[in-house]
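So the structure is just underneath, and the comments pick up after that.
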Amino acid sequence: MIKSIFLSVVLAGASATAGAQAVDVATGIQMAQIDFDAYHALLLERCKALAPDAVDTLAAAMTQWKQQNADALVILRQLYKAQLIQLKRARQPDATEADIDAHVAAVLRLFNANLREKVAGVPADEARASCEGEYANTLLNRPAMDFNVLLKRMTLGR
């Protein structure tokens, strides 16, 4: 299994194994809730100290990935938020809009809680490997990180 900051932070709870082609839809939509801009900024900050020569290449991979996935991430986040609202209303029909908004915000905060500590907590050798190409490879080549595919799977039922 690839040991990278990405896998430590994002896939820690995923059910996908090392050889899996894609994560299941539930895990994928949860991964889509991660604030990748914040995560990438933290990773780049750490890489500047651990592997400064790799930062430009990593930043370029992150930019390419973001360009390819930004629209799908927006839609997946909207779908997840709508699902959270629907579930809250089903469980609590008398919930106010403020209750619903607070619930949604609390759930979404869970996905990004303690990102800085998680990135800082990865051992230096694993972090350096991520900086030097492992994470870029994961972003651009791992099917689980192609949120366009996940969106198609969700909308086409495949």
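The values are calculated or read from the model by the stated rules, or taken from the named source; none is laboratory data. As the structure is a prediction and not an experimental result, all values here were calculated from the model. Cβ atoms come from the backbone with ideal geometry, glycine included; neighbour counts cover every protein chain shown. Heavy atoms of the whole protein, side chains included, go into the accessibility calculation; ligands, DNA and RNA do not. Shrake-Rupley method; radii C 1.70, N 1.55, O 1.52, S 1.80 Å.
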Exercise for review: Would you kindly find the accessible area of R109, with a 1.4 Å probe and non-protein molecules such as ligands, DNA and RNA excluded, rounding to the nearest 10 Å²?
Suggested key: 150 Å²
**Study point:** Hits among lysines - C-alpha to C-alpha of K118 under 30 Å, sequence gap 8 or more where chains match
**Key:** K3, K48, K66, K81, K88
Exercise for review: Subtract the Cα-Cα distance of A95 and T57 from 0.36 nm times their separation in residues, and report this length gain in nm to one decimal.
Suggested key: 8.9 nm
Revision key, fill the gap. Quick tally, 1.4 Å probe accessible area for L110, L73, sorted with the most first, runs L110, L73
Exercise for review: Quickly work out the L44-to-A26 label distance, labels modelled 7 Å from Cα along the C-beta direction, and quote it in nm with one decimal.
Suggested key: 3.5 nm
Practice item. Under 1.5 on a/c is rounded, so check that first for the range 41-158, then, if it is not, pick prolate when a/b is larger than b/c and oblate when it is not; a ≥ b ≥ c are the square roots of the alpha carbon gyration tensor eigenvalues. Key: oblate
Exercise for review: Would you kindly find the accessible area of V55, with a 1.4 Å probe and non-protein molecules such as ligands, DNA and RNA excluded, rounding to the nearest 10 Å²?
Suggested key: 20 Å²
Review point. Percentage of Cα-Cα pair distances in the range 48-99 greater than 17 Å, rounded to whole percent?
Key: 60 percent
Practice item. Would you please give the FRET efficiency between L79 and A106, computed as 1/(1 + (r/R0)^6) with r the Cβ-Cβ distance and R0 = 22 Å, to the nearest 0.05? Key: 0.75
Check your understanding: How would I85, I29, I75 line up by accessible area, probe 1.4 Å, largest first?
Key -> I75, I85, I29
Review point. Roughly how much of D24 is accessible, in Å² to the nearest 10, using a 1.4 Å probe?
Key: 60 Å²
